[in-house]
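Every number here is computed from the coordinates shown, using simple stated rules; none is lab data. Fair warning: this is a prediction, and the values are worked out from it, not measured in the lab. Ideal geometry is used to build each Cβ from the backbone, glycine not excepted, and the neighbour counts take in all protein chains shown.
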Amino acid sequence: SATQRNATGADGCLFHGAGEPSMAPNGCPVSPQAAAFDPFDRPYQLDPAEALRWSREQEPVFYSPKLGYWVVSRYDDIKAIFRDNLTFSPSIALEKITPASDEALAVLKRYDYGMNRTLVNEDEPAHMARRRELLEAFSPEALEAHAPMVRRLVREKLDAIIDRGQADLVAEMFWEVPLTVALHFLGVPEEDMEQLRRFSVAHTLNTWGRPSPEQQVEVAEGVGKFWQYSGEVLRKMQARPEGHGWMYDMIEKNRHKPDVVTDNYLHSMMMAIIVAAHETTALATANAFRQLLSRPAVWAELCDNPALIPAAAEECLRHAGSVVAWRRIATREVEVGGVTIPEGGKILMVTASGNHDPAHFENPDELDIYRDNAVDHLTFGYGSHQCMGKNLGRMEMRIFLEEFTRRLPHLELEEQEFTFLPNTSFRGPEALWVRWDPAQNPERRDPAVRSAQRDFPVGAPSRQDIAREMVVAKVQTAAEGVLQIALEDPHGRRVPEWSPGSHVDLIVGNYVRKYSLCGEVDDPYWLQVAVLREEAGRGGSAWIHEHLKPGMPLRLRGPKNHFRLDESADRYVLIAGGIGITPIIAMADRLKRLGKPFELHYAGRSRASMAFIERLERDHGETLRLYPKAEGVRLDLASLLAEPRAGTLLYACGPERLLAALEAGTNHWPEGSLRVEHFTAEGALLDPKHEHAFEVELTDSELVVEVAADRTLLQALRAAGVDVPSDCEEGLCGSCQVEVVDGDIDHRDKVLTAAERAGQDRLMSCCSRAKSKRLKLAL
Ligand code: HEM
Ligand code: FES
């Protein structure tokens, strides 16, 4: 039943009081909210994710009688549908969501309209055979070659308005540049741009809109002309086969493999791809500028630190994507999120809603340009049909942002009412008015600003660049060999919020290391870490000890938390060894505030080498036990752990030796009682001399990827265009986890428990490998 998660009333009726309940095709009654849902109403048009919040929370799969579709709103359910393109066929992806009137059909017939299969709505096995033939144009090298053209187009448009002080960016450039880029990429002559733009709007309304009966005829005229125009352009191009571009690749394949790249495909694709490659990117760019400019502090951060631009563009694609819903049809009766969808059931996956699902994205409604799993968004779809042009779209958005943040950092959003073309799937403002003071344009003072461009590599954002610029506020000695460092925002803004157990990655030259935050959790202006000088280390800590001074800039990633305090236990034992006290201190503060009973055990070489003793004695005197080895006081783990205690969680941080002893000593405790944080990952780094190459078969994208002996699985996946989030890249954090369908795994991480490893159903792609020659992954 579509509503089985809801409680049934005393009379057995799920929705009594709702009048005559409507029925879904499977006989289930439809809830009032589901019955009222209409994607052409204002709430969905203004903010589809918000309009479906009720569904995400209460009824994640429901039948919409007004639409005749099953609507799916949660991340995991949507991804599961994208994954299985046999059960959930994409054949209706470009079908008219509002059936055409007879008059409209007559108009289309007059134009001999025959739009049929392209890629996005083609079933297997035809689809993959075709897609594989046409992949080359999207390789990083091939795309890189288009960057100068994109840059030139954006510059020309910006030059034209830079002294004006006010503009509607949509009208001035956001649609025209992506359209020009698309035509160039395709090899289509750049003519009749205005007309093509009108054609695209007609196509969007025709496919995803609800035109009124009068509009139907007008829209059909536009679509019919677009169809004819596409045919003419195609014939012209076929007559000149020496041209370059993706359409020429198709024409060439059509000549040699007409059964794979068919004639009708060519004509249909010619029309569909112009829209796919242009409208999507134009709207995504407009959405991104709107999101960023309406948060001036975030915009300022991008202007100060342009390395963040790829991450910001990605987060905007998640937060306010240009494609907000996509379609599939069930080829058999199937269950989705506990609801049975009948064979032939049409499905609308509201990807914008999945992108705001708190089960997958922390604080999903916040625009957080430092988010480390933004690439998991569903705006490009997922699986074997995932957008082929995603890296071209990303490139365009990044170049727009880079040019504007550098040349017009003082750009502001005008007060305005936003309007949207009414449709289910493509979303972005029809105009975006901005203003600025041309007298403040940086290039008037320094002409070099105009050309000082920064380029970004093709592909998903690199985690290396997602760094915050901070300034050292204070440096003081916390113990022998331990420096306590307070960091603040360079502009005096509040620092990001964090929770006990969080750390930051400090970036010092090529050296990156995790340091737990050890200040007060609610300190709004300082992030504090304690750095132990490690003589045997890679030199970063020594540099920090010798050179770090107040006022110096310092880059960091985070805060992030891979050592989260589960606040639901009855009692806690906190154990710290040496500098491992840093995350533990914040946990002790938090437990005290919650009023939860806990013990705090802190071992070290000598009192003089143990940081924060005074503060701990002051704040946690009753619970603190100190074990300075120099005084002959030893932490007796055997007796501490002898009796397993139900309802008690142990949190520990310290040297690997201590953690290993704890792991061994808690074998007889309930599974999951011990939570530890590792700070180093010996053995996780790659030594090609001792590795073998292997293959991974990706079941969702239907690809086979080679992993050479000198590459990590994560690197190989990225090179094949598969975006997997990552963070630590040394097996410590868990963010690069992928599901394993089959094969023997050589686990190298420090994240999975013994029981999870034994399950052989997941691995950390940044470090783990195959024991044998092949693994099968659900990617
Ligand atoms: C497919 C979105 C830019 C070419 C798709 C799909 C979505 C999408 C949602 C369907 C995915 C699925 O069924 O899993 C976007 C967005 C873009 C963008 C949001 C910009 C921000 C582009 C560009 C191009 C392009 C610039 C071309 C150069 C394609 C193609 C497919 C596709 C060829 C069909 C792939 C297949 O079915 O195998 N896109 N797209 N897209 N897109 Fe994009
Ligand atoms: Fe952290 Fe792989 S990226 S475990």
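Key figures for this structure:
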read-out: So V751, is it within 16 Å of ligand 1 (Cβ to nearest atom) and part of a loop (DSSP other than H, G, I, E, B); value: no
read-out: In region 390-430, residue nearest to F380 (Cα to Cα) [restricted to those that are assigned to a loop (DSSP other than H, G, I, E, B) and hydroxyl-bearing (S, T, Y)]; value: S425
read-out: Lone qualifier among G734, G759 - being of a type outside the set (F, W, Y), more than 16 Å from ligand 1 (Cβ to nearest atom), closer than 30 Å to E663 by Cβ and touching a residue at least 40 places away in the same chain (Cβ under 8 Å); value: G734
read-out: Candidate set from region 569-599 (those that are of a type outside the set (S, T, Y) and in a strand (DSSP E or B)); member that is nearest to L662 (Cα to Cα); value: I575
read-out: A300 vs. criteria surrounded by 19 or more Cβ atoms within 10 Å (Cβ to Cβ) and among the aliphatic types (A, V, I, L, M); value: no
read-out: Filter result (over 12 Å from D746 (Cα atoms) and buried (at least 24 other Cβ atoms within 10 Å of the Cβ)) within region 767-779; value: L777, L779
read-out: Test: residue in region 444-455 that is small (G, A, S), assigned to a loop (DSSP other than H, G, I, E, B), free of Cβ contacts under 8 Å to residues at least 24 places away in the same chain and closer than 30 Å to V150 by Cα; value: yes
read-out: Matching entry among A284, A352, A288, A312 (being touching a Cys at 6+ places or on another chain (Cβ under 7 Å), away from ligand 2 (no atom under 16 Å from the Cβ), among the small types (G, A, S) and closer than 29 Å to E176 by Cα); value: A288
read-out: Some residue of region 504-514 being surrounded by fewer than 19 Cβ atoms within 10 Å (Cβ to Cβ) and charged (D, E, K, R); value: no
read-out: Given (1) under 26 Å from P461 (Cα atoms); (2) in contact (Cβ under 8 Å) with a residue 24 or more places away in the chain; (3) more than 16 Å from ligand 2 (Cβ to nearest atom), index of the condition A720 fails; value: (2)
read-out: Qualifying positions in region 81-119 - buried (at least 19 other Cβ atoms within 10 Å of the Cβ), among the aliphatic types (A, V, I, L, M) and within 13 Å of ligand 1 (Cβ to nearest atom); value: I81, A93, L94, L119
read-out: Hey, E520 of a type in the set (D, E), assigned to a loop (DSSP other than H, G, I, E, B) and in contact (Cβ under 8 Å) with a residue 40 or more places away in the chain or not; value: yes
read-out: Test: residue in region 242-259 that is among the aliphatic types (A, V, I, L, M) and within 30 Å of K66 (Cβ to Cβ); value: no
read-out: Residue ID - nearest to ligand 1 (Cβ to nearest atom), chosen from residues in region 706-731 that are under 22 Å from H377 (Cβ atoms) and of a type in the set (V, I, T); value: V722
read-out: Residues of region 708-765 that turn out to be among the basic types (K, R) and in contact with a strand residue (DSSP E or B) (Cβ under 6 Å, 6 or more places away or on another chain), as a count; value: 1
read-out: Any chance D744 is touching a Ser or Thr at 6+ places or on another chain (Cβ under 8 Å), within 9 Å of ligand 2 (Cβ to nearest atom) and touching a residue at least 12 places away in the same chain (Cβ under 8 Å); value: no
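Table: residues versus (1) free of Cβ contacts under 8 Å to residues at least 24 places away in the same chain; (2) over 22 Å from W70 (Cα atoms); (3) assigned to a helix (DSSP H, G or I); (4) more than 13 Å from the chain's Cα centre (by Cα).
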site: I309; (1), (2), (3), (4): no, yes, yes, yes
site: G321; (1), (2), (3), (4): no, no, no, no
site: E335; (1), (2), (3), (4): yes, no, no, yes
site: L348; (1), (2), (3), (4): no, no, no, yes
